[in-house]
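Working notes, structure below.
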Amino acid sequence: DPREPLFRERGIPFFNGHHESNLPKQAQLVIRSFAVPDTNPEITAAKERNIPSLLYSEALGRLSAMRKTIAIAGTHGKTTTTGLLTSIFLEAGRDPTVILGGELESIGGNWRRGDGEDFIVEACEFQKSFLNLKPSSGIITNIELDHPETFSDQGHVEETFREYLGRFHPGSMVVIPADLADRLDGAGDVRLIYFGIGEGDGWRGQIDTTKSVRTIELSEDGTFRFAARLMRPGTHEVFNATAAAALAAAHGIELEDIRRGIEKFQGVKRRFEKRQVIEEVEWYEDYAHHPTEIQYTLEGARELYPDRKIWALFQPHQAMRLDTFLEKFAGSFGLADEVIVLPIYSVREDEKEFPVDLRQHLVNQLRRRGVSARLCEFEQAIYDLPELISPGDVVVSLGAGTNDEIGDQISRSGVIG
């Protein structure tokens, strides 16, 4: 396991696999993810020894109650926004402690321990886990149905986010999209700060089209504040940067530090991350696994490469998600020239409960919309893609599963020369 050296160099024992003997004699607490069931041998051993067990979200909630917690929630963009906010706080010398859902190059992973009072955390709505937090301020990037196994419909999601706002300390500053004002206003004892694109109240960001380098102009209540180079394409990145700037300013961080923090942000691993895979081919890995995220990512790719052939290599994440959003998925690939649909990456579900032709349904829907699409097995993609893709083409690998291993294996095969 590639993570083993990272643990061992910090003096932390590492076990690959599960067995009751892995539980140390001196253990006083067991922390597990949702993916680890009650029947796990280590969890069973902990119960037999009366050692308390917490879900990761519960443990994070306990930590948040002890710190000045800044929580970034939302259906899309929360990892990148957390990364942007971290970059800004580091630039301002705030030395925050950080936990996020992706690997950030500037901190060498997905967490850092700081000596400052700020605790920046990514807050996830899956299984309503963010209701364990007790934040002091935060951001909600957007609200959309993404986890059909947790939420029945969009209204259920919005009600849970309102409940989440009720978890904040009284008077907390929370940055939200201006178009969610009517749905979130009055939820919790918080001070809402609005953000968006174009004209309007609160913090607003828009791209300066007169500059040769992609530049975002940020204003507050109609007053220009500063301009910054934005390293990543896509309208969604304007939203993320504007939200981060709004909360940083509310925390009293100087505008120059905010500008430098935005400009120094290099992105998060597997968030439109450029890879060297095939010679003369632009290859990007992206964690997008929801129709809206896929559309945003492909818009960014098309912005960068308006005249290139774009291949979308898509691994559906969860059969339930694909089944629930099949029509929306079919409508999200319009900017791709070719779509390759990989086998479904399933966790926490029995794929046998769903039609075995879900992928074929998606391909059929895409073809009906005029998008060239085909099915491809995982190993087949590793062997076929170097032959199918031509110099000058663009590949965007999309998914939250193991799709990034395809690029890794092609790269190791020596195709890039």
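The values are calculated or read from the model by the stated rules, or taken from the named source; none is laboratory data. Note that the structure is a prediction, hence the values are computed from the model and not measured. A quick note on method: Cβ atoms are made from the backbone with ideal geometry, for glycine too, and the neighbour counts reach across all protein chains shown. The accessibility values were calculated without ligands, DNA or RNA, using every heavy atom of the protein model including side chains. Shrake-Rupley method; radii C 1.70, N 1.55, O 1.52, S 1.80 Å.
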Next item on the list: Express as a percent, rounded to the nearest 5, the fraction of DSSP beta bridges in the chain (both residues included) that run antiparallel.
Entry: 30 percent
Notebook entry, point to check: Farthest toward the dipole's positive end in the chain, which of Asn364, His18, Ser219, given Cβ charges of +1 (Lys, Arg) and -1 (Asp, Glu) about the Cα centre?
Noted result: His18
Notebook entry, point to check: Which whole-number percent gives the relative contact order of the range 111-231, counting Cα pairs below 8 Å spaced six or more residues apart?
Noted result: 16 percent
Notebook entry, point to check: How far is the Cα center of the range 278-293 from the Cα center of the range 1-50, in Å?
Noted result: 34 Å
Notebook entry, point to check: When only Cα pairs under 8 Å and 6 or more residues apart are kept, what is the percent relative contact order across the chain?
Noted result: 12 percent
Next item on the list: Grab the DSSP H runs of the chain that are 4 residues or longer, score each as -39,500 (n - 2.57), total them, divide by all residues and round the 222 nm result to the nearest 500 deg cm²/dmol.
Entry: -9500 deg cm²/dmol
Next item on the list: Report the trypsin sites (Lys or Arg not before Pro) located in the range 292-393 that are in a DSSP loop and have at most 12 other Cβ atoms inside 10 Å of their Cβ, or state none.
Entry: Arg348, Arg369
Notebook entry, point to check: When only the heavy atoms of the protein chains count and the probe is 1.4 Å, how do Tyr296, Tyr383 rank by accessible area, highest first?
Noted result: Tyr383, Tyr296
Item checked: Three-way shape call for the range 240-295 based on the alpha-carbon gyration tensor, with the a/c threshold at 1.5 -> oblate
Checklist line | Cα-based radius of gyration of the chain once divided by 2.2 N^0.38 Å, which approximates compact folds | finding: 1.01
Note to self: What whole-number distance in Å separates the alpha-carbon centres of the range 170-243 and the range 341-417?
What the structure shows: 35 Å
Next item on the list: Work through the residues other than Ser21 whose Cβ is under 15 Å from its Cβ and net out their charges, Lys, Arg +1 and Asp, Glu -1.
Entry: -1
Check: List the GluC sites (Glu not before Pro) in the range 204-296 that DSSP assigns to loop (not H, G, I, E or B) and whose Cβ has at most 11 other Cβ atoms within 10 Å. Which are they?
Finding: Glu279, Glu280
Next item on the list: Quick one: grab the alpha carbon gyration tensor of the range 303-417, order the square roots of its eigenvalues as a ≥ b ≥ c, and give me rounded if a/c is under 1.5, else prolate or oblate depending on whether a/b is larger than b/c.
Entry: oblate
Next item on the list: Please state the charge dipole magnitude for the chain, taken about the Cα centre, from unit charges on C-beta atoms (+1 on K and R, -1 on D and E), reported in debye and rounded to the nearest 20.
Entry: 820 debye
Margin query: I'd like the trypsin sites (Lys or Arg not before Pro) in the range 158-221 restricted to DSSP loop residues with at most 14 other Cβ atoms within 10 Å, sorted by number.
Written below: Lys211
